[in-house]
Each structure stands twice: as C-alpha cells, then as structure tokens.
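The values are calculated or read from the model by the stated rules, or taken from the named source; none is laboratory data. Values in this document were obtained by computation on a predicted structure and should not be read as measured data. FYI the Cβ positions are ideal-geometry reconstructions off the backbone, even for glycines, and counts take in every protein chain you see. Ligands, DNA and RNA are excluded from the accessible area calculation, which covers all protein heavy atoms including side chains. Shrake-Rupley method; radii C 1.70, N 1.55, O 1.52, S 1.80 Å.
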Amino acid sequence: MAKKRTIPKPKTKKAAPKKSKAFTVPTQAWFYLAGFVLLFACWYITVASNTAFRSSAYYIYISRGTDMEELSDTLVERKIIKSGMTFRWMASMMHVETLRPGMYRIEKGWGNYRMLDFIDDAEIRASQLIDLAEYRSRKRTIKELCKLTNINENDFIELLKDENEVDDLGGFTTESVYCIFRPGRYRVYKSSTPKEVLEYMACQYTQLWNDERRAACKRLDLTEDEIVILGSIVYSETKQRSEMPTISGVYINRLQNNMKLESDPTALFANNSMDSRRVSNKHISIESDYNTYRRKGLPPGPICIVPEFVIDEVLKYNEHKYYYFCAKGDRSGCHNFATTYDEHLENAKKYRSGLDKKKIYK
C-alpha cells in the first residue's frame, strides 16, 4: 500500500518587528523656544523689577569718583537691588559709565533700564546734611525733624496718620511707623516735601537692618519692628547701657513664656505721663493697647525714639532666669533682678520705701 503523501504547508514569513520612532522636535519649535528664552532674558535684564528694598522709595547718595562697579556692589550690599550682574550688563549696553555726584531717588519695582536711565539723565537736586538730636519723645523728634527739613509739621503728622501712606512705606501701621525715626546725621533734599522726608527716613531704617541684625531677629523669632518696640521699652527703663542686655533678657523670658510684660513705662506712655516717677494703680489700670499690664505681648509701636546702640544691646540680650526687676532706691539708676515673684515683691517694697522717704508720690 503506497504511503500517503503529505504536502508541506507553505512557510509564512514573520513580520519584522516595528522599529520605534525616536521623538524628534521640529527645527521650527527649537527656534520658537530659543526666541522665547531670548525675549525672557531681555525682559528680565531690562524691564523686570530689580529692587529689593522694603520702603516705597530708596534714596542713595553717589559721591564724586564712584564708578559703575562700585555703585553696583554698594546697591547689592545694601539690599537695594537683587542682581548686580544684570545691573552691570544693562549699564554696559546703555553705555552708562560716568556717574554724576548727587542724591537719587529710586522707586520700588523699577527695572535696570529705568534705574540707569534715571541715574544717567535725572536732574540733580541740591541736598544738605542735618543732625537729628537724641530726643526720647516721639512728638519732640517729629517737631525737630520738620524744623531741620523745613517742612510743614501738620502736613507731616497727617501723613503719619494715613494708613495707606505708611503701609506703602513697607507694611507699617500708624503706630509702628515711629520705628523708622532715630537720632543721627542724614542727607536730605534742601527742598523736600513731607512725603520725601518720610520716604527717606523709611529708607534709612531699611539700611539699619544688615544681614547680622536680621539673623539675630530670626533667632529671637521677632520682626525688625518688634525689636525696635522692645528696645523702646528697655531704653525707657534704664539709662545704664550695661544693664540693657539683662533687662532685654527679662522681657524676652516673659514673651517666650506667654507672660504679660507689665512694664511701667508702657503704662505711663498710655497715660501720657512719661515724666512720672511713681506708677500708681490708676496708671496700670488704663485700657490701652500700650498698657502691658492689661495686654499681652508688645505694644503696637515704640513708646520712645530708639538710638541704634539700644537695638544692638537688645539683639545681644543676656540669657538668664530672671523674670522680674525693680529699680534700686539709691539713685544709681541700676536695678535689682529676681527669678521669683516673692523676691520681686521684696525689691519693690524697698524701692517704694525709698520714694516715700524722698516724698515722691507721683
């Protein structure tokens, strides 16, 4: 019997695996991307804000012989501008090389082109140096400042009461704005307006807070304004510089432990009786945001004008366990410090006894 012949099935060819196509960006897209980057760089260098200061305007005096590199370094160091490199690039492109000596007003939000165009082309206004003496009184300081700058005192006080104006200076309130004033030498325009003087003082306050002082504020978990407000209380408590870090430590201990500050000068300020030598129950019972016998935390503004050295004494406060202090009765201007309330009561009893002997009752 013949074998059955099997016919082999035709071989089918296996489909070749599909090669994955690599993602490619069209050349045109690269041109668009490059154009966008170029436009952004031009905008960033020329138009985008390069100011870094807190106040609404910054006043800087350029002395004779200052070159562009020196100016750029100064602006960066004082936190006036954010980028010195883009500032110098823009100056090179605009061919700004010669700097005319004088005082210049730079507004917050200006870009490099606007700043350099102003510096290169602005009309130089005459300026003068003034010496603001050390007055603890807020009113006396304002009065003297207006006299020195030849501005209308009533107009200046109205500006200080304007919530929008003081907020534009750098987020101040009508009470905290008094933080910006301190004794010292200043250069102002000879024909200043009240607003220019206010802006200028805010500008000088900004310069006060260098990196070292800002770092000290952060360690204390207090703002720059709060340090000045605390400094005003310390400065009102003592004239002895050697005691200021210790007294600052007392108040910082109380703040950190959520205790009322119970500061006599704040109660006197609330009663408009800063010249009183004796604090009564009437003083400490007044309803006021400044009376720290009634309100926890710091007052809304400084109770006096604070010199720069007091701020530094507060920032380098002494760490200790004191929560109380009371003036000695020996006219030394020094204080006794205590860790417990019972100790403090004994110190206060001695002080009141000393006032009674001197017949000081108010």
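Values for this structure:
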quantity: Probe 1.4 Å, protein heavy atoms only - accessible area per residue of the chain in square angstrom; calculated: 60
quantity: Residue order for Arg352, Arg182, Arg54 - accessible surface, 1.4 angstrom probe, largest first; calculated: Arg352, Arg54, Arg182
quantity: In sequence order, calculated HN-Hα J values of the stretch 307-318 (Karplus, 6.51, -1.76, 1.60; Hz; x Gly/Pro); calculated: x, 4, 5, 5, 4, 5, 5, 5, 5, 9, 3, 7
quantity: Relative packing of peptides 262-271, 239-248 - highest average C-beta neighbours within 10 Å first; calculated: 262-271, 239-248
quantity: Table column - 3J(HN,Hα) (Hz), the stretch 34-46, Karplus curve with 6.51, -1.76, 1.60, x for Gly and Pro; calculated: 4, x, 5, 4, 5, 5, 5, 4, 5, 5, 5, 6, 9
quantity: Derived scalar couplings ³J(HN,Hα) [the stretch 152-157; Karplus, 6.51 cos²θ - 1.76 cosθ + 1.60; whole Hz; x for Gly, Pro]; calculated: 6, 5, 5, 5, 5, 5
quantity: Test item: Cα-centred dipole of the stretch 63-208, Lys/Arg +1 and Asp/Glu -1 on Cβ, debye; calculated: 540
quantity: Translational diffusion coefficient (Stokes-Einstein; Kirkwood radius from C-alpha pairs) of the stretch 198-239 at 10 °C, 1.306 mPa s, in µm²/s; calculated: 140
quantity: Sequence ranges 62-71, 42-51, ranked by mean other-Cβ count within 10 angstrom, highest first; calculated: 42-51, 62-71
quantity: Cα lying deepest toward the dipole's positive end in the chain, options Ile130, Tyr351, Thr27, charges on Cβ; calculated: Thr27
quantity: Unsatisfied cross-links (Cα-Cα over 26 Å) in the set Lys218/Lys321; Lys195/Lys316; Lys260/Lys316; calculated: Lys195/Lys316
quantity: Student exercise, the chain dipole from Lys, Arg, Asp, Glu Cβ charges, in Debye to nearest 20; calculated: 2980
quantity: Per-bin percent of Cα-Cα distances, the chain [20 Å]; calculated: 23, 41, 20, 7, 4, 3, 1, 0
quantity: Cβ-placed point charges (K, R +1; D, E -1), dipole of the stretch 253-359 about Cα centre in debye, nearest 20; calculated: 500
quantity: Rounded percent of accessible protein surface that carbon and sulfur make up, the stretch 103-177, 1.4 Å probe; calculated: 40
quantity: Carbon + sulfur, % of accessible area of the stretch 195-309 - ligands and nucleic acids excluded, 1.4 Å; calculated: 41
quantity: Sequence of Met201, Met259 when ordered by accessible area, the most exposed leading, probe 1.4 angstrom; calculated: Met259, Met201
quantity: Cut-off under 5 Å, modelled amide H: who pairs with Gly111 long-range; calculated: Asn50
quantity: Amide H contacts of Ala57 (H built 1.01 Å from N, under 5 Å, at least 5 apart or other chain); calculated: Lys108
